[in-house]
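Following: one structure in structure tokens, then a few remarks.
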Amino acid sequence: MIKDFIEQFTIKQAGRLNLFLPICFALGIAVYFALPFEPVVWVGAGLVVMGILGMIFIKSNVRLFFLALIF
């Protein structure tokens, strides 16, 4: 269900998806500053690795979710 929603959304927003990258970056900053503790380094590195692996191995429009995860 979520995969279908993401695919439909990316088809509708085909030429404007790069405009969402600053939003994802800002959301990442907001989540970081909202945490009550300093996260350990391996958590951030693990998220980046998961995002990169997801972009490599998944060949559909869901790859944009993993790009957002990296940002």
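The values are calculated or read from the model by the stated rules, or taken from the named source; none is laboratory data. Everything quoted here is computed from the prediction, not taken from an experiment. Note that each Cβ is placed from the backbone with ideal geometry, even for glycine, and that neighbours are counted across all protein chains shown. Note: accessible area is taken over every heavy atom of the protein model, side chains too, but ligands, DNA and RNA are not part of it. Shrake-Rupley method; radii C 1.70, N 1.55, O 1.52, S 1.80 Å.
Taken together, 51, 44, 15 contain a single residue that is without any contact (Cβ under 8 Å) to a residue 12 or more places away in the chain and surrounded by 10 or more Cβ atoms within 10 Å (Cβ to Cβ), which is 44. Within the stretch 23-41, residues that are more than 15 Å from residue 67 (Cβ to Cβ) have Cβ atoms under 8 Å from residues that are open to solvent by less than 80 Å² (accessible area, probe 1.4 Å) in these pairs: 32/39, counting only partners at least 6 apart in sequence or on another chain.
Filtering the stretch 13-71 to residues that are charged (D, E, K, R) and either closer than 18 Å to residue 2 by Cα or modelled with pLDDT of 85 or more (or both) leaves 38, 59, 63.
Looking across 58, 2, 6, 29, one residue alone is open to solvent by 90 Å² or more (accessible area, probe 1.4 Å) and among the β-branched types (Val, Ile, Thr). It is 2.
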